[in-house]
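The structure under discussion appears below in the form of structure tokens.
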Amino acid sequence: DGNMGQGWWDANGYAVSTGVATYPFLQPGNYNSAATIDDGSCYPPQPQTFIPDDAFEQALINDGTDSNQTLDDQVTTSAISVIEYLDVQSGIVDFTGLQDFTSLEELYVSFNFCDIAEVAQYLPLWPNLERLKMNNMSGITPSLDMSHATNSFYLEATFSSLTTIDLS
């Protein structure tokens, strides 16, 4: 690809044709011994998480999480899987992608235009979550299942349609 050209590597990550050390994960077809720059084309693509809501992705761009700074409906999964604190109070309608924030300890999603159920469906994926604020959320979900929570947990859901919280 790009400036890196063609080549083959042995099991130790060395170019068979030149003996030049390279990265073990490189695949045939990405090496050019005459290359003078590293244009990044030799590295495998990073897994991406689909973020279809522009307001959600813009919030991630604003806080530096989405490093490519472009509304392209995706963010690098490894960048979001380590985030422990997330505050996205930005008029979000669709929280698709939130499931890959697997290290969350605190989540603030108040003042968004989706139902509490959309955020709540991901709660079992966040075993370290200790604090969740979902104030002034749109929607009509009357109950919230918190039975999976194994840690002490702070939940704030004022001005919502919640009438029941299952803690069993």
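No value in this document is a laboratory result; all are computed from the given coordinates. Please read these numbers as outputs of a predicted model, since none were measured by experiment. Glycine also receives a Cβ, built like all others from the backbone with ideal geometry; neighbour counts cover every protein chain displayed.
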Exercise for review: Please give the FRET efficiency for residue 96 paired with residue 158, using the beta carbon to beta carbon distance and R0 = 22 Å, rounded to the nearest 0.05.
Suggested key: 0.30
**Study point:** Quarter of the Cα convex hull surface for segment 53-101, i.e. its orientation-mean projected area (nm²)
**Key:** 3.0
Point to revise | Rg and Dmax of segment 111-168, Cα atoms only, in Å | key: 10.7, 29
Practice item. Can you tell me what the convex hull of the Cα atoms of segment 66-142 projects to on average, as an area in nm²? Key: 5.0
Review point. How many nm separate the modelled label positions at residue 103 and residue 55, each set 7 Å beyond the Cα in the direction of the Cβ?
Key: 2.8
